[in-house]
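*Asks:* Sharing a structure with you now.
The values are calculated or read from the model by the stated rules, or taken from the named source; none is laboratory data. On a predicted model such as this, the values are computed, not experimentally measured, just so you know. Heads up, the Cβs are rebuilt from the backbone with ideal geometry, glycines too, and the neighbour counts pull from every protein chain shown.
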Amino acid sequence: MTSALPGAWKLLEAGDAPAAVRSLRNASDDLPLGDLAEFTSAVADGLGLDDLSTVSGALRADPGSAQACYDFGFECLEVGAPHLAVPALRAARRLAPTAAPALWELVSALEDQERHGDAVRELRAWEDGLPDWPGGYLLAYNALCSGDVEAAQEVLARLSTPEDDGWDLAHDRITRMVERAGAARAAGPLDDRDLRGWQFALTGAILGQISPHGLDEGMNGRYAHLGDSYDACRTGIRDLVTVLEATGSRPDAVMPLPDRSSRVLGLAAARLLDLPVVPVDPERSDALVVAYDLTDSDPDLLRALVPRAPGQVLFEHASCWTSPPGATADVVSLLHQSVMPPWGDHLRVVDGEVEQVPADESPEEELAERVVTAGTEDRDTALPTFAAAVADHWARGPRLPVSTSGPVRSSRFE
């Protein structure tokens with residue numbers, strides 16, 4: 001038994017299986033397969049995960065079987081434990097070095113943990129001529145997400161057109177990402193601190209606000225747990241206007257998404273832009289779709305927003321970077337791990353005591369007026385320059401979700 005496992009076993013025996021699994025998140029790569037399978041079998045039995053229990057038993061019985069290693073790794077991915085999959089899939093690669101499926105699943109497990117540099121190393125270690133699809137695509141994608149623009153460009157340049165049209169969307173996606181990275185690099189440093197540049201390169205969104213909180217202590221421009229304000233909402237709309245002007249975009253109507261916070265923000269945006277408010281229609285061209293936080297939206301509606309209507313712009317005020325939404329906005333005010341809107345219930349300290357403040361049930365029009373009349377935070381003078389520089393690559397193609405934070409890392413809090 002390795003040093004990481006005793007603590008995990010204690011958590012499991014205390015009845016907290018999820019915490020036990022999480023405790024190995026950064027300590028599972030070197031776990032002996034027998035110990036890993038024994039632990040995972042106990043987790044599976046405790047959570048009623050029959051398939052995971054079966055493959056764990058098979059791995060315990062024969063850790064030298066490539067098939068048992070592969071099956072175990074695959075099932076760990078299925079249940080959302082990619083870190084537990086990695087040692088087994090690496091073993092499968094050693095035991096069956098020409099079995100491509102083990103490599104693809106290993107890369108998937110590493111991607112799920114945002115270990116893009118490790119994924120690149122695994123792909124480059126393939127000795128049998130890496131196939132373009134999916135191998136070359138995965139190499140270009142992970143090289144870019146690890147911050148190596150040149151490598152991504154080189155791989156993309158020699159990537160063949162896929163014979164299977166099932167790869168056409170992926171081909172278009174990586175092509176646009178690499179092109180956006182080139183545009184972002186012309187507009188800024190595109191290093192491991194350039195959050196705006198990498199947000200654009202990877203997602204296509206232009207980011208308005210760079211958080212000053214913990215900027216040099218691990219947050220790098222993202223927010224963790226944010227209590228939002230009317231001033232920040234007003235600032236977000238100001239930055240939206242800046243982007244629209246810099247890119248020459250002229251929406252003819254505002255379409256707020258149906259949730260309450262989006263309706264409030266949409267009403268405020270319509271007032272400030274002097275545009276009519278119309279019901280949301282994903283296929284309507286030349287409109288401004290307004291969302292407060294896309295993770296609050298109906299998944300079917302988000303899927304309908306992925307294909308881009310001509311001239312349509314999707315604005316999201318508060319975008320969750322730890323659990324990204326099913327569609328990527330074109331303009332984002334700020335990135336958060338969790339957020340509470342100004343009109344939501346929240347905590348406050350009164351005379352040294354913490355008390356719960358209930359949500360403000362004022363009419364949406366009244367809340368929108370507070371946004372309109374709020375002050376704004378300091379203007380980021382780099383935003384209009386950046387937006388103008390990348391305009392030719394902005395608001396193009398489908399709004400595909402992106403699950404990685406890329407080369408600019410931020411501290412995560414449970």
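*Asks:* For the stretch 5-26, name all the residues that are surrounded by fewer than 17 Cβ atoms within 10 Å (Cβ to Cβ), small (Gly, Ala, Ser) and not in a helix (DSSP H, G or I).
*Replies:* Once the filter is applied, which keeps residues that are surrounded by fewer than 17 Cβ atoms within 10 Å (Cβ to Cβ), small (Gly, Ala, Ser) and not in a helix (DSSP H, G or I), the stretch 5-26 yields 14, 15.
*Asks:* Additional query: Look through the stretch 27-56, keep the residues that are in a helix (DSSP H, G or I) and hydroxyl-bearing (Ser, Thr, Tyr), and return whichever of them is surrounded by the fewest Cβ atoms within 10 Å (Cβ to Cβ).
*Replies:* 54
*Asks:* Now for a different question. Keeping to the stretch 182-207, report how many residues are of a type outside the set (Phe, Trp, Tyr), crowded, with 23+ Cβ neighbours inside 10 Å and out of contact with any Gly (no Cβ under 6 Å at 6 or more places or on another chain).
*Replies:* Final tally of qualifying residues: 8.
Residues are listed down the side, and each one gets a yes or a no for (1) touching a residue at least 60 places away in the same chain (Cβ under 8 Å); (2) surrounded by fewer than 19 Cβ atoms within 10 Å (Cβ to Cβ):
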residue: 235; (1), (2): yes, no
residue: 252; (1), (2): no, yes
residue: 260; (1), (2): yes, yes
residue: 268; (1), (2): yes, no
residue: 278; (1), (2): no, yes
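*Asks:* Only one of 175, 161 is hydroxyl-bearing (Ser, Thr, Tyr), in contact with a helix residue (DSSP H, G or I) (Cβ under 8 Å, 6 or more places away or on another chain), at pLDDT 95 or above and farther than 23 Å from residue 382 by Cβ. Can you tell me which?
*Replies:* On inspection, the qualifying residue turns out to be 175.
*Asks:* In the stretch 128-166, what residues are in contact with a Pro (Cβ under 7 Å, 6 or more places away or on another chain) and under 21 Å from residue 99 (Cα atoms)?
*Replies:* 133 - this is the single residue of the stretch 128-166 that is in contact with a Pro (Cβ under 7 Å, 6 or more places away or on another chain) and under 21 Å from residue 99 (Cα atoms).
*Asks:* Pairs only if they're at least six apart or on different chains, beta carbon under 8 angstrom, first in the stretch 74-97 and surrounded by fewer than 19 Cβ atoms within 10 Å (Cβ to Cβ), second among the hydrophobic types (A, V, I, L, M, F, W, C) and assigned to a loop (DSSP other than H, G, I, E, B); list them, first residue then second.
*Replies:* These pairs meet every condition: 79/49.
*Asks:* Give the residues of the stretch 360-414 that are closer than 30 Å to residue 22 by Cα and polar (S, T, N, Q), sorted by residue number.
*Replies:* Hits for the stretch 360-414 are 403, 404, 405, 410, 411.
*Asks:* Further question: Looking at the structure I just gave you, is residue 344 small (Gly, Ala, Ser), modelled with pLDDT under 95 and closer than 28 Å to residue 405 by Cα?
*Replies:* The answer is yes for residue 344.
*Asks:* All but one of (1) without any contact (Cβ under 8 Å) to a residue 24 or more places away in the chain; (2) outside any helix (DSSP H, G or I) hold for residue 63; state the number of the condition that does not hold.
*Replies:* The number of the failed condition is (1).
*Asks:* For the condition surrounded by fewer than 24 Cβ atoms within 10 Å (Cβ to Cβ) and either among the small types (Gly, Ala, Ser) or over 25 Å from residue 375 (Cβ atoms) (or both), what is the one hit in 348, 284?
*Replies:* 284
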